[in-house]
Amino acid sequence: MANIFSFCVFIVLSLLCFSKAQHVKVYELKRGYFSAKFTNYGATMLSVILPDKTGKLDDVVLGYDLVNDYKNDTTYFGAIVGRVANRIGGAKFILNGVTYKTDPNDGKNTLHGGSKGFSDVIWTVKSYKKHSHVTFSYESFDGEEGFPGNLSVSVTYMLLHKNKLAVKMMAKPLNKPTPVNLALHTYWNLGGHNSGDIMSHTLKLFGSKITPVDSELIPTGEIVPVRKTPYDFRRPREIGSKFDQLPHGYDINYVLHKSRRSRHLRKVAVVVESKCGRKMELWTNMPGVQFYTSNMLKNEKGKNGTVYGKHAGFCLETQGFPDAVNHPNFPSQIVKPRGIYKHFMVYRFTAH
């Protein structure tokens, strides 16, 4: 009888803990006029509010009014995607002689970790200080969406000074080697989320090569120069300036230049919206960045009744190369037990 009572108590306490852990909330970070909001659903970035050159405040991140709306979206607005971001060709890969089949949620391929990747789970809040940071964690189980091994994951968003936002993503395999490639899927519009398209934004991108893709957006395995192609943003130019050559827009991985100094982050990009004067700079330790011009957005109802159309935002998703698990010439994404995956991003925002 005592054993039954103890078991019942254990079940009740477990349910209470589970209920508490699964509670979805919004967490704001704020310093002066610079603020950002996040939720533990998908460890998602909900908003970033910045002043323009006149001091006017705008939210420069596309998204929804309610957290519940993020649970049904197909846009991945602001989410952390994984266990493996971007695409895995044929929804399978071989690791140590074992073939692993992942969830084919994008035709016959896997996109952003599968049908229920890290963007569609509830993360635990490990630490939160309004003027400093918020840290989310998630325990991914062996076999989740087809990936091997248990994986402990954490994401920290930090405000640095009055105009910098840092993102730290970490993952530790507990019992098996596994691929890990996390990415932050924020859609930006520096004119304000409701200001129209991003075609007139000026972009400088610090990558002189890309990894070309086939008709299903799976890398061919090649690494080719951008010189004399519409993918060349080595010198600043408007994002839409060569859409006559790329009518569907951009959705491609760039190979980033290495930092000239060891242990320093790589410069990724500089984006400027000239009318409001806002400028965004980005650094990372990752070898690649996916530049995406929201080509698949179509009449998406967002914040404050705004309807987002095609090219309403741009994404700069720092990452390992797409489908690296199937291309030995790409930098490896395999992390072994006792190893740690570390992914850093630093944004700096100014207005002139």
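Does Lys275 satisfy being farther than 21 Å from Leu46 by Cα, touching a residue at least 60 places away in the same chain (Cβ under 8 Å) and open to solvent by 50 Å² or more (accessible area, probe 1.4 Å)? Don't jump to the end; show me each part of the working.
Details: farther than 21 Å from Leu46 by Cα: yes; touching a residue at least 60 places away in the same chain (Cβ under 8 Å): yes; open to solvent by 50 Å² or more (accessible area, probe 1.4 Å): yes.
Answer is yes for this residue.
Inspect the range 113-135 for any residue being in contact with a helix residue (DSSP H, G or I) (Cβ under 6 Å, 6 or more places away or on another chain) and open to solvent by 20 Å² or more (accessible area, probe 1.4 Å) and give the result as yes or no.
Looking through the range 113-135, at least one residue is in contact with a helix residue (DSSP H, G or I) (Cβ under 6 Å, 6 or more places away or on another chain) and open to solvent by 20 Å² or more (accessible area, probe 1.4 Å).
Between Val84, Val24, which is open to solvent by 20 Å² or more (accessible area, probe 1.4 Å) and within 20 Å of the chain's Cα centre (by Cα)?
On the way: Val84 fails: open to solvent by 20 Å² or more (accessible area, probe 1.4 Å).
Of Val84, Val24, the one residue that is open to solvent by 20 Å² or more (accessible area, probe 1.4 Å) and within 20 Å of the chain's Cα centre (by Cα) is Val24.
Considering only residues that are open to solvent by 50 Å² or more (accessible area, probe 1.4 Å) and of a type in the set (S, T, N, Q), which ones fall in the range 44-60?
Thr54
Identify the residue in the range 75-87 that is part of a strand (DSSP E or B) and out of contact with any Pro (no Cβ under 8 Å at 6 or more places or on another chain) and, among all such residues, is farthest from Pro328 (Cα to Cα). Talk me through it step by step, then tell me what you get.
First, pick out the residues of the range 75-87 that are part of a strand (DSSP E or B): 79-81, 84, 87.
Narrowing further to those that are out of contact with any Pro (no Cβ under 8 Å at 6 or more places or on another chain): 79-81.
Numbers: Ala79: 28, Ile80: 25, Val81: 23 Å.
Going through the qualifying residues, I end up with Ala79.
Pick from Lys342, Lys258: which is open to solvent by 10 Å² or more (accessible area, probe 1.4 Å), under 19 Å from the mean Cα position of the chain (by Cα) and within 23 Å of Ala85 (Cα to Cα)? Walk me through it before giving the result.
On the way: Lys258 fails: under 19 Å from the mean Cα position of the chain (by Cα).
Lys342 is the lone residue from the list that is open to solvent by 10 Å² or more (accessible area, probe 1.4 Å), under 19 Å from the mean Cα position of the chain (by Cα) and within 23 Å of Ala85 (Cα to Cα).
In the range 192-217, what residues are under 23 Å from Lys228 (Cα atoms), out of contact with any His (no Cβ under 9 Å at 6 or more places or on another chain) and in contact (Cβ under 8 Å) with a residue 60 or more places away in the chain?
Ser200, His201, Thr202, Leu203, Lys204, Leu205, Val213, Leu217
Just wondering, is there one or more residues in the range 228-244 that are among the polar types (S, T, N, Q) and touching a strand residue (DSSP E or B) at 6+ places or on another chain (Cβ under 6 Å)? First the steps, then the outcome.
To start, the set of residues in the range 228-244 that are among the polar types (S, T, N, Q) comprises 229, 241.
Narrowing the set further to residues that are touching a strand residue (DSSP E or B) at 6+ places or on another chain (Cβ under 6 Å) leaves none.
No, because not a single residue in the range 228-244 is among the polar types (S, T, N, Q) and touching a strand residue (DSSP E or B) at 6+ places or on another chain (Cβ under 6 Å).
Being open to solvent by less than 10 Å² (accessible area, probe 1.4 Å) and at negative phi: is that true of Val268 here?
Numbers: open to solvent by less than 10 Å² (accessible area, probe 1.4 Å): yes; at negative phi: yes.
Answer is yes for this residue.
For the list (1) more than 20 Å from the chain's Cα centre (by Cα); (2) open to solvent by less than 10 Å² (accessible area, probe 1.4 Å); (3) not charged (D, E, K, R), I need the number of the one condition that Asn109 fails.
Going through (1) more than 20 Å from the chain's Cα centre (by Cα); (2) open to solvent by less than 10 Å² (accessible area, probe 1.4 Å); (3) not charged (D, E, K, R) one by one, Asn109 breaks only (1).
Just wondering, is there one or more residues in the range 228-243 that are at positive phi, loosely packed, with under 15 Cβ neighbours inside 10 Å and at pLDDT 95 or above? Show your work before the answer.
Step one: of the range 228-243, the residues at positive phi are 228.
Those left that are additionally loosely packed, with under 15 Cβ neighbours inside 10 Å: 228.
Those left that are additionally at pLDDT 95 or above: 228.
Scanning the range 228-243 turns up at least one residue that is at positive phi, loosely packed, with under 15 Cβ neighbours inside 10 Å and at pLDDT 95 or above.
Hey, Lys336 hits all of (1) of a type outside the set (Ser, Thr, Tyr); (2) surrounded by fewer than 16 Cβ atoms within 10 Å (Cβ to Cβ); (3) free of Cβ contacts under 8 Å to residues at least 40 places away in the same chain but one; which does it fall short on?
Condition not satisfied by Lys336: (3).
Determine which member of the set Leu46, Leu50 is in contact (Cβ under 8 Å) with a residue 40 or more places away in the chain and part of a strand (DSSP E or B). Let's see the steps before the verdict.
Details: Leu46 fails: in contact (Cβ under 8 Å) with a residue 40 or more places away in the chain.
Going through Leu46, Leu50 in turn, just one is in contact (Cβ under 8 Å) with a residue 40 or more places away in the chain and part of a strand (DSSP E or B): Leu50.
Out of all the residues in the range 277-321, which are in a loop (DSSP other than H, G, I, E, B), closer than 24 Å to Thr211 by Cα and among the small types (Gly, Ala, Ser)?
First, the residues of the range 277-321 that are in a loop (DSSP other than H, G, I, E, B): 277, 285-287, 293-299, 302, 306, 309-313, 320-321.
From what is left, the residues that are closer than 24 Å to Thr211 by Cα are 285-287, 293-297, 310-311, 313, 320-321.
Result: Ser294, Gly313, Gly320.
Suppose the filter is assigned to a strand (DSSP E or B), open to solvent by 10 Å² or more (accessible area, probe 1.4 Å), of a type in the set (Lys, Arg) and within 26 Å of Arg348 (Cα to Cα); does Lys172 pass it? Walk me through it before giving the result.
On the way: assigned to a strand (DSSP E or B): yes; open to solvent by 10 Å² or more (accessible area, probe 1.4 Å): yes; of a type in the set (Lys, Arg): yes; within 26 Å of Arg348 (Cα to Cα): no.
No; evaluated as a whole, the condition is false for this residue.
Can you name the number of the only condition in (1) surrounded by fewer than 20 Cβ atoms within 10 Å (Cβ to Cβ); (2) more than 18 Å from the chain's Cα centre (by Cα); (3) more than 20 Å from Phe314 (Cβ to Cβ); (4) of a type outside the set (A, V, I, L, M) that Glu144 fails?
All conditions pass for Glu144, except number (1).
The values are calculated or read from the model by the stated rules, or taken from the named source; none is laboratory data. It should be emphasised that the depicted structure is a prediction, and the values quoted were computed from it without experimental measurement. Heads up, the Cβs are rebuilt from the backbone with ideal geometry, glycines too, and the neighbour counts pull from every protein chain shown. We work out accessible area using only protein heavy atoms, side chains counted, and drop any ligands, DNA or RNA first. Shrake-Rupley method; radii C 1.70, N 1.55, O 1.52, S 1.80 Å.
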